[in-house]
Amino acid sequence: MLRFEKRDKTPVRLRVLVPICSVLLGLLVGSIVMLFARVNPVRVYGAIVKGAFGSAYTFSETLVIAVPLILISAGLCLVYRMKFFNIGAKGQYIIGAICGSYLALFGPATMSRPLLLTLMMLLGTLGGALWAVIPALLKVYWNVNEVIATLLLNYIASYILWFFMYGTWRDPGSHGFPLSKNFALNAQLPRIIAAPSRLHIGLFFGVAAAVIVWIIIRKTRFGYEARVLGENERAARYAGINVVKTVIIGAVISGGLAGLAGIAHTSAVLRVLQLEINSDYGYTAIIAAWLAGLDPLVAIGVSVLLAALEAGGYQIQIVMRVPFGIVGVIESSILFCLLAGEIITHYRVTLTRRLSTPLALDERARGGA
Amino acid sequence: MEGQEQLMLVMGNITKRFPGIVANDHVNFELRKGEIHTLLGENGAGKSTLMNVLDGIYYPDEGEIAIEGKRVNLRSPLDSMKHSIGMIHQNFMLVASLSVIENVVLGLESQGFYIDKKSVAHQIEAIAKKYNFRVDPYAKIWQLSVGEQQRVEIIKTLFKGARILILDEPTAVLTPQESEELFGILREMKSEGKSIIFISHKLNEVMSVSDRITVLRKGRLVGTVDTASITERELAKMMIGRDILFRLERKDIEQGREVLTVEDAQAYNDRGTMALNKLSITVHGGEIMGVAGVAGNGQVELAECITGLRHLVSGHITVEGIDVTNATPCTLASAGVNYIPADRLGVGLVPNLSTVENAMLRKYRQQPMCRGAFIDYGAACTYADGLIEKFDIAVPLKNAPVKVLSGGNMQKLLLAREIEENPRLLIAEHPTRGLDVGATEFVRKTLLEQRDHGVAVLLISEDLDEILMVADRVAVMYEGRIVGIVDAHHVDIAQIGLMMAGAVGVKA
């Protein structure tokens, strides 16, 4: 019979081994599903690895996906630590893309490239930040649940994008497709490797953001206040921490990074504003942040892995004609196993049988009765 | 003679290890039929572990349990229930929005899909009548007082057919009168042949209610004694292994100026009803003002109003002449107001942060820890080391979450942190609740030391013995006001008990 007991401390050995085993188990579960779909799991995994890391080009495409994930998850690591559950990164990403694109599409054509790009990135960051401040204000002043508020704002953001794409921002030359006109060269964020790679300087933004957020959390007064607030709001209030200010600054940072991710990706990779701007990275980044234990530096690595799954997924779809849904199955089996693995890191699981120590107890009990 | 006494329960050689600690080390425990048996010991002595083993929550690493001579395997609370063991936890396991009936039948397999409320109500009333108390089976739990809720817990276990009842510090939340009533019920149950295990820290209660006492210390059995053959002092010695100070030395010092004045304060509680009802109180420097009262009469709200955590609707609060009505916690901190909250892990400390990070909570805005926007964690560490040494706090790992510390050490850390701020006014709310004798003594001595330094201390406690031991004056709170203030040296407990129950008001 199984018994669960809470551990006081998790040995380091387990903390490393359990996630690794969980991922392997997830891959195994994924293969079982693949067998039902009549495909060879070994070949599929091979194709994914090849599709994600196979060549300099494929790896750079993996990084293209990782960049927004790194940016967004860095901000989420901070706000989740203060227990502000922002799941609206998707909406903040979209609004960031819209705001930055405004300058790209309607800005003064004569502006120099560095200045225009800087302003675009700033405006995108600002847009995402404002979109996150709305639920933050609702929470601190009217106690509105931020999970619901941020989630609903995602839909509003999507429809705002629809509004522009089917409305005034549509390129008359797009044959009716919901696309803006292409960004001028001045409004394209530079790429860092030669074509066809689309890897762009947003990668440096991402790494810098992760490092800065890590420093904020670990070394600054604000980070300390955020952690105290997240762990115990009453203690934070008693210590004189300004809860309103802390939550709003957190929301600004997290929303701003999501907005920056949105405009950077749009400007560097897509070079056009359209309905599909990969805003679901806003959800994937939530997973990256949690799997990283809310450590932004670890989240860089996790983001690259999740991006690899995604990039590899495109590959198997093309090369093996396997439905892209398989990638979802693999991703969720890994996640499921990782979450299940948490039980082993937090609890001691033992198999018990009848006790073996013989005692003179029976005699005494019988003698007494 | 031994053979004549029927043994209800035998626990033999129970050993339970947790990582790094042996919580129970070959402990033997016997319970006769129809006896009240007290389990006594400091915090961390292994009482809870032993009872959790009996309740099926923990499975022992070694040892055996026999009920009425039959060996049993208790793997879950359900198993224990089947073997007629019922435990009444310190924090009641009741659903506040449900009625007494619904709470009583909760989780009972014998009830089918449909609950026959009428027949359950009759059974509840029958049980209550048998033990001479009343309870309305149709009342919702939230409508009941703490004492009444406890009786519902008792009914719940009896309804399930318990013949061994475990009560974990049942009197911690009761007035003296309510405690006496509880003891009446326990004695009645005893005469019915039920066996009762009573867990308590309070020696006088233990002496008055129990037949036998088993003392544990540091996970080991010290011994089992007949209550008739032992004195309180000997018992205390068994419990902590040395004599304790029952009387604390107190210097006569000159009473200082008025430090805290509260005038006609009115405030709501979280449920939106008036918790403070035109309350007025004054505390002087060099004085400990004890606030006695049954939980829920506005003590918590009073403390929160003074510390800036709750808004006053009307009235004034001044500290050393400065108006601090509805001031922010920051302003209050600079006015010299410090607080030892009752809920250590809920208000005072941040459970998942480390000892260092908790120690610095009131200092991180100042030099040398504050370096602009950054924090110098090295300086914080040095500061924490200072507190740990000065207050003799046992901290295994400074960077481990503070929640792994024992209750006594958590309280020492909290006390140390607040006292290092050089308070003018110190508010201590149940500062020794749940602490063992050694830590309790330390906390009380520290409070007296502060008083001797001229600090005004407001001591809110339900433990009358404590208040009488350290306080200079005692204010009794009832329904949001002070019903009387008496000199702590010229009053008897019964009189205060009556005031706490709202029976009399005595003006100072």
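Read the figures in this text as sums done on the coordinates, not as results from a lab. Note that the structure is predicted; figures quoted are calculated from it, not measured. Reconstructed Cβ throughout: ideal geometry from the backbone, glycine too, with neighbour counts over all protein chains shown.
Observations on the model:
- Beta bridge orientation in region B:2-240: antiparallel %, DSSP, nearest 5: 60
- In summary, the helical segments of chain A meeting the span-like criteria, namely a full DSSP H run, a Cα extent along the axis of 27 angstrom or more and a mean Kyte-Doolittle hydropathy of at least -1.0, are A:12-36, A:56-81, A:113-142, A:146-166, A:243-265, A:296-319, A:325-346.
- Top positive-direction residue, dipole computed over region A:61-318 with Cβ charges, set A:GLY167, A:TYR314, A:LEU153: A:LEU153
- This ranking places A:TYR93, A:TYR166, A:TYR102, B:TYR339 by how few other beta-carbon atoms lie within 10 Å of each, fewest first, which gives A:TYR166, A:TYR102, B:TYR339, A:TYR93.
- In Å, descending, principal axis extents of the Cα set of chain B: 68, 48, 48
- A Cβ-based charge dipole, computed about the Cα centre of the protein assembly as shown with Lys and Arg at +1 and Asp and Glu at -1, lands at about 3220 debye.
- Relative contact order of region B:350-421, pairs being alpha-carbon contacts under 8 Å that are 6 or more residues apart, as %: 42
- Neighbouring Cβ atoms from other chains, within 10 Å of the Cβ of residues in A:229-236, number 6 on average.
- FRET efficiency estimate (nearest 0.05) - Cβ-Cβ, B:GLN495 to B:ALA228, R0 45 angstrom: 0.90
- Considering only A:LEU257, A:LEU203, A:LEU69, the Gaussian network model of chain A with Cα springs below 10 Å gives its largest mean-square fluctuation to A:LEU203.
- Once both labels are positioned 7 Å from their Cα atoms along Cα-to-Cβ, the gap between A:SER174 and A:TYR155 label points is 2.4 nm.
- Mean Cβ count within 10 Å, highest first, over the residues of peptides A:277-290, B:304-317: A:277-290, B:304-317
- Each peptide in A:263-271, B:288-296, A:152-160 was scored by the mean count of other Cβ atoms within 10 Å over its residues; highest first, the order is A:263-271, B:288-296, A:152-160.
- Scanning residues 5 or more positions from B:HIS26 or on other chains, those with amide H under 5 Å from its amide H are B:THR15, B:LYS16, with H placed 1.01 Å from N in the peptide plane.
- A:ASP295 sits among other residues whose Cβ lies under 13 Å from its own Cβ, and their net charge, with Lys and Arg +1 and Asp and Glu -1, is +4.
- Among beta bridges identified by DSSP and lying wholly in the protein assembly as shown, the antiparallel ones come to about 60 percent.
- Taking 0.36 nm per residue of separation and subtracting the Cα-Cα distance, full extension of the segment from A:HIS346 to A:TYR141 would add 70.2 nm.
- Pair-distance profile P(r), taking every C-alpha pair of the protein assembly as shown, with 20 angstrom steps and integer %: 12, 35, 34, 16, 2, 0
- Exposure proxy ranking, count of Cβ atoms within 10 Å, fewest first, for B:TYR268, B:TYR478: B:TYR268, B:TYR478
- Dipole of region B:2-240, positive end: most advanced residue of B:VAL146, B:PRO176, B:ASN103 [Cβ charges, Cα centre]: B:ASN103
- A Förster distance of 56 Å, applied to the separation of the beta-carbon atoms of A:PHE53 and B:LEU78, puts the FRET efficiency at 0.60.
- Label-point gap, in nm, between A:ALA195 and A:LEU275 - each point 7 angstrom along Cα→Cβ: 2.8
- Potential extension, B:ASP487-B:GLN367 segment - 0.36 nm per residue separation minus Cα distance: 38.9 nm
- Neighbourhood net charge (15 Å Cβ-Cβ; Lys/Arg +1, Asp/Glu -1) for A:ILE326: +1
- Long-range amide H partners of B:PHE374 with built H, under 5 Å: A:ARG221
- Whichever lysines have a C-alpha closer than 27 Å to that of B:LYS156, once near sequence neighbours (fewer than 8 apart) are set aside: B:LYS33, B:LYS47, B:LYS70, B:LYS82, B:LYS117, B:LYS118, B:LYS129, B:LYS130, B:LYS140, B:LYS190, B:LYS194, B:LYS202
- Percent of beta bridges antiparallel (DSSP, region B:351-508, rounded to nearest 5): 60
- Proportion of all alpha-carbon pairs of chain A beyond 25 Å (%): 61
- Of the peptides A:109-120, A:206-217, A:181-192, the order by per-residue mean of other Cβ atoms within 10 Å, starting with the highest, comes out as A:206-217, A:181-192, A:109-120.
- Taking a ≥ b ≥ c as the square roots of the eigenvalues of the Cα gyration tensor, an a/c ratio of 1.5 or more together with a/b no larger than b/c marks region A:1-120 as oblate.
- Number of partner chain Cβ atoms within 10 Å, mean per residue of B:338-348: 2
- Its Cα centre serving as origin, region B:2-240 has a Cβ charge dipole (Lys and Arg +1, Asp and Glu -1) of approximately 260 debye.
- Amide proton proximity set for B:LEU9, modelled H, under 5 Å, gap of 5+: B:LEU31, B:GLU68
- Local charge for A:ASN86 was computed over the other residues whose Cβ lies under 14 Å away, with Lys and Arg +1 and Asp and Glu -1, and equals +3.
- Using C-alpha pairs under 8 Å with a sequence gap of at least 6, the mean separation divided by the residue count of region B:2-240 gives a relative contact order of 29 percent.
- The shape of region A:243-326 comes out oblate: with a ≥ b ≥ c from the C-alpha gyration tensor, a/c is at least 1.5 while a/b does not beat b/c.
- Order of A:PHE53, A:PHE164 under a 10 Å beta carbon neighbour criterion, fewest first: A:PHE53, A:PHE164
- Within 10 Å of each Cβ in A:237-248, the average number of Cβ atoms from other chains: 4
- Gyration tensor (alpha-carbon) shape descriptor, region B:83-166, a/c threshold 1.5: rounded
- Gain on full stretching of the segment that runs from B:GLN90 to B:ASP392 - 0.36 nm per residue minus C-alpha separation: 105.8 nm
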